[in-house]
Amino acid sequence: MIKFSEKVSLNQVRLDQILSEIKNDPMGGWYDLPENYDHEELEQIKAAARAINQNSEYLVCIGIGGSYLGHRALIEALAPTSPTKIIYAGNSLSARELQKSLDEIKDADFSINVISKSGTTIEPAIAFKAFKEKLIAKYGEAEASQRIYATTDANKGTLHDEAVAQDYTRFVVPDNIGGRYSVLTAVGLLPLAVAGVDVDELLKGALDFKNHPEPAYQYAFKRDELRRQAYDTEILATFEPSTASFNEWWKQLFGESEGKDGHGIFPASVVYSTDLHSLGQFLQDGRRNLFETILNFPTDDTNAKIVQAVEIAHKAGKIPVLNISPDEYSTKAFGELIYFFELACAISAKLDGVNPFDQPGVETYKAELKKLML
Ligand code: PA5
């Protein structure tokens, strides 16, 4: 299980009220997901993953934000083995990046998992068009359709409509779960299963944490306490380079959930020891508006010593240092961590008085981009 370093006195009445709001929120579907997921769909996901493993050297996962950060983080952290390599596209508008990923596949067999809840996001739409053309050129229209897996809304959106018309295999992003809370739905589970991650174990970890959620409450209330003391930036620190992308998932979760209406703690991250030799200077000695949260996996002796050294040094540098310690580095532990952070994030946002489940600010750039592209 996960241990959290601080003992904070919880306002139980406020906590109960927030938990009830989360459970009843139209976007609170992730809360019960670990015990309430669609078992039939999970079997279909596993079957699709087996088919992809049999016929594809590559699976191109096309999506942005919550539609890719979570599964990418877990695949990189867990480094499972699989006959199919996962590559990512549609998370920028860089023509160079797109060409690089098209070139990487060369003539190899591949399939596509296009993931977009709205089905209208421009970055994945452009990458999907390019990869679909490559797929059709290689296999012809009929087989190409069988190699496209669309994860999108159950009933609406451009991608949904195309998937129905072209008979792609479809998986659903549930109505009541937003992108950044969706890694334990088909959004994450299909790429994870293809990559060889034991998705049952992941869901089990999430359920275990849901049944013992106290550390998430402690973390949320501690963040609230620090925010009130004018600490406006949180640095998530990992000592495991393979969890660098997990930091990215965490940043999106907290950044989009809390940063609105002039509120929020700015989420930043570091990978140690690498960043001790770059941002380490600022952390030790720079402006004191930061607190640091160490993601402290069990580790070998030398790495454990550096965790200790950093904690002592940064506390001496007057940075509040929090410590989140999973008891193992495993699929199950990452399932626990996903749920830990989702729950803590939703509670934190509510303690700060903002809606954890919308992202009105993201729409502003989309509207500007659409105007420029018309
Ligand atoms: O967390 C979110 O809701 C967002 O980051 C979305 O995941 C992101 O904007 C992509 O949206 P969509 O899945 O609709 O393409």
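The values are calculated or read from the model by the stated rules, or taken from the named source; none is laboratory data. None of the values given here were measured: they were computed from a predicted structure. FYI the Cβ positions are ideal-geometry reconstructions off the backbone, even for glycines, and counts take in every protein chain you see. Each accessible area value is taken on the protein alone, full model and side chains, heavy atoms only, with ligands, DNA and RNA left out. Shrake-Rupley method; radii C 1.70, N 1.55, O 1.52, S 1.80 Å.
Tabulated results
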{"read-out": "Some residue of the stretch 85-92 being at pLDDT 95 or above, crowded, with 21+ Cβ neighbours inside 10 Å, part of a loop (DSSP other than H, G, I, E, B) and within 16 Å of the ligand (Cβ to nearest atom)", "value": "yes"}
{"read-out": "Members of the stretch 162-219 that are aromatic (Phe, Trp, Tyr), surrounded by fewer than 24 Cβ atoms within 10 Å (Cβ to Cβ) and within 14 Å of the ligand (Cβ to nearest atom)", "value": "Phe171"}
{"read-out": "Selection count where residues are more than 17 Å from Gly157 (Cβ to Cβ) and either open to solvent by 50 Å² or more (accessible area, probe 1.4 Å) or within 10 Å of the ligand (Cβ to nearest atom) (or both), scope the stretch 106-133", "value": "4"}
{"read-out": "Residue within the stretch 71-78 that is within 14 Å of the ligand (Cβ to nearest atom) and basic (Lys, Arg) present", "value": "yes"}
{"read-out": "Condition broken by Val362, with the remaining ones in (1) away from the ligand (no atom under 16 Å from the Cβ); (2) within 25 Å of Ala73 (Cα to Cα); (3) assigned to a helix (DSSP H, G or I); (4) in contact (Cβ under 8 Å) with a residue 40 or more places away in the chain satisfied", "value": "(1)"}
{"read-out": "Evaluation of Val362 against (1) open to solvent by 20 Å² or more (accessible area, probe 1.4 Å); (2) over 15 Å from Ser257 (Cα atoms); (3) β-branched (Val, Ile, Thr); (4) at pLDDT below 95 (one fails), failing number", "value": "(2)"}
{"read-out": "Single unsatisfied condition, Tyr339 versus (1) open to solvent by less than 40 Å² (accessible area, probe 1.4 Å); (2) closer than 19 Å to Tyr231 by Cα", "value": "(2)"}
{"read-out": "The stretch 339-359: number of residues that are part of a loop (DSSP other than H, G, I, E, B) and either without any contact (Cβ under 8 Å) to a residue 24 or more places away in the chain or of a type in the set (Lys, Arg) (or both)", "value": "0"}
{"read-out": "Verdict on Ala137 being assigned by TED's automatic domain parsing to the domain that holds Tyr68 and either surrounded by 21 or more Cβ atoms within 10 Å (Cβ to Cβ) or closer than 24 Å to Ile338 by Cβ (or both)", "value": "no"}
{"read-out": "One residue from Gly179, Gly140, Gly157 being free of Cβ contacts under 8 Å to residues at least 60 places away in the same chain and in contact with a Ser or Thr (Cβ under 7 Å, 6 or more places away or on another chain)", "value": "Gly157"}
{"read-out": "Test: Gly264 is surrounded by fewer than 24 Cβ atoms within 10 Å (Cβ to Cβ) and either under 30 Å from Leu135 (Cα atoms) or within 16 Å of the ligand (Cβ to nearest atom) (or both)", "value": "yes"}
